[in-house]
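A.B. asks: Take a look at this one; I'll ask things after.
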Amino acid sequence: AARHARSPAVENYRPAHDPAGAERLTLHAELDAALRTGQLVLHYQSTVDLATGRTVGVEALLRWQHPRRGLLRPAEFLPAAEQSELIGLVTSYVLDAALASAVHWRQKGIALPVSVNISARDLHDPSFPDRVDTLLHLHGVPADRLTLEITETTLNSRLYPADAVAKKLRDLGVRLSCDDFGTGTTPLPRLRDLPLAELKIDNTLIAGIVGDDDKRAIVAAVVELGRVFDLTVVAEGIERQDEREVLIRLGCTTGQGYYFSPPVPGALIGDVLRPDGERATSSDTRSG
Ligand code: C2E
Ligand code: MG
Ligand code: MG
Ligand code: MG
């Protein structure tokens, strides 16, 4: 409750004039409670080598097992957290859980690097790199086994101290990935200067790629950019074999999408590790 009192969302709250704000406040309080009662869970989606279908990593994707509303996707609740410092707690929770999973899988003979999505506020928090470092040491996970995904729009905001935080994370040895790439307008010199290890091509450029000359040209350009700047290029949202084939032809080596596996609860990750790139089944909802 003390932390709520400092939240800007609460200070600006005027119930009589802001019904949307009231709803947001309820969601915020519920989410705060959810974090403490284990209702937030991670699902994991594999990233695969496109040629072989072999899993080369997993991305943690947050879900809220809501007592009344069922399994919620991030779009339904994360924006409420991102408006306050609650997102810092959410990110720490996700990092802790994802690193614990990585250690657990490793003990079962499955050594997979994990990717975690972070928010704008994390990148603007000077204490964030220390928190990441502490969690890595706590779990005994080498920094280069962790990738932090940041959307292109966030990376481009350039507000102090985001660039310093990004550099500190890179200096720790953590890999940084530019998520949803192709939806923003990053100047190329900036792209070269950012301490990135990876570009993830947004879903929207992959959907319909088979019949769209422009999308194929854009993806080819991103693949070339990745080659020049020495970045891994990952295609998101692959849903069909013909999309996979086009991407391989364009020189993209790594991908992710329902075609290979939907996000699954951590306990099922062993099921998706098929060497032949066949689709795996799961209980995850594909709606939304
Ligand atoms: P993202 O990081 O770009 O993740 C990819 C999204 O595409 C995920 O949605 C995933 O379920 C979905 N997806 C995967 N394969 C396919 C496919 O073949 N087709 C289509 N149409 N979609 C596919 P999800 O899980 O709803 O997450 C949405 C976004 O929420 C993520 O986009 C990420 O930006 C954010 N997010 C997820 N988990 C976290 C988290 O723990 N922290 C933060 N800060 N953001 C998160
Ligand atoms: Mg991501
Ligand atoms: Mg993405
Ligand atoms: Mg995306």
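The values are calculated or read from the model by the stated rules, or taken from the named source; none is laboratory data. All of these numbers come straight from a predicted model, not from anything done at the bench. Here Cβ is always computed from backbone atoms with ideal geometry, including for glycine, and neighbour counts include all displayed protein chains. These accessible areas exclude ligands, DNA and RNA; they are computed on the full protein's heavy atoms, side chains included. Shrake-Rupley method; radii C 1.70, N 1.55, O 1.52, S 1.80 Å.
A.B. asks: Show the residue pairs meeting these rules: Cβ distance below 8 Å; 6+ apart or different chains; first residue within segment 60-80 and more than 25 Å from THR147 (Cβ to Cβ); second residue assigned to a loop (DSSP other than H, G, I, E, B) and of a type in the set (A, V, I, L, M).
C.D. replies: Between residues of segment 60-80 that are more than 25 Å from THR147 (Cβ to Cβ) and residues that are assigned to a loop (DSSP other than H, G, I, E, B) and of a type in the set (A, V, I, L, M), there is no close pair.
A.B. asks: Going by the structure shown, is ALA207 hydrophobic (A, V, I, L, M, F, W, C), within 16 Å of ligand 4 (Cβ to nearest atom) and open to solvent by 50 Å² or more (accessible area, probe 1.4 Å)?
C.D. replies: yes
A.B. asks: Of all residues in segment 151-175 being open to solvent by less than 30 Å² (accessible area, probe 1.4 Å) and within 14 Å of ligand 3 (Cβ to nearest atom), which is farthest from ASP122 (Cα to Cα)?
C.D. replies: GLU152
A.B. asks: Based on this model, can you work out whether ALA120 counts as open to solvent by 10 Å² or more (accessible area, probe 1.4 Å) and within 16 Å of ligand 2 (Cβ to nearest atom)?
C.D. replies: yes
A.B. asks: Return yes when GLY184 is surrounded by fewer than 21 Cβ atoms within 10 Å (Cβ to Cβ), in a helix (DSSP H, G or I) and either in contact with a Phe, Trp or Tyr (Cβ under 9 Å, 6 or more places away or on another chain) or among the small types (Gly, Ala, Ser) (or both) and no when it is not.
C.D. replies: It is false that GLY184 is surrounded by fewer than 21 Cβ atoms within 10 Å (Cβ to Cβ), in a helix (DSSP H, G or I) and either in contact with a Phe, Trp or Tyr (Cβ under 9 Å, 6 or more places away or on another chain) or among the small types (Gly, Ala, Ser) (or both).
A.B. asks: State which residue is farthest from GLY257 (Cα to Cα) when the search covers only segment 132-165 and only residues that are modelled with pLDDT of 95 or more and small (Gly, Ala, Ser).
C.D. replies: GLY140
A.B. asks: Name the residue that is farthest from ligand 3 (Cβ to nearest atom), counting only residues in segment 176-213 that are in contact (Cβ under 8 Å) with a residue 12 or more places away in the chain and of a type in the set (Asp, Glu).
C.D. replies: For segment 176-213, the residue satisfying everything is GLU198.
A.B. asks: Filter segment 47-70 for residues that are among the hydroxyl-bearing types (Ser, Thr, Tyr) and more than 13 Å from ligand 2 (Cβ to nearest atom); which is surrounded by the fewest Cβ atoms within 10 Å (Cβ to Cβ)?
C.D. replies: THR52
A.B. asks: Now for a separate question. Within segment 191-223, which residues are in a loop (DSSP other than H, G, I, E, B), away from ligand 2 (no atom under 16 Å from the Cβ) and touching a strand residue (DSSP E or B) at 6+ places or on another chain (Cβ under 7 Å)?
C.D. replies: PRO195
A.B. asks: While we're looking at this one, here's another question. Which members of segment 233-259 meet the condition of being part of a strand (DSSP E or B) and farther than 22 Å from HIS43 by Cβ?
C.D. replies: Passing the criteria: only VAL233.
A.B. asks: So is LEU86 open to solvent by 10 Å² or more (accessible area, probe 1.4 Å) and touching a residue at least 40 places away in the same chain (Cβ under 8 Å) or not?
C.D. replies: no
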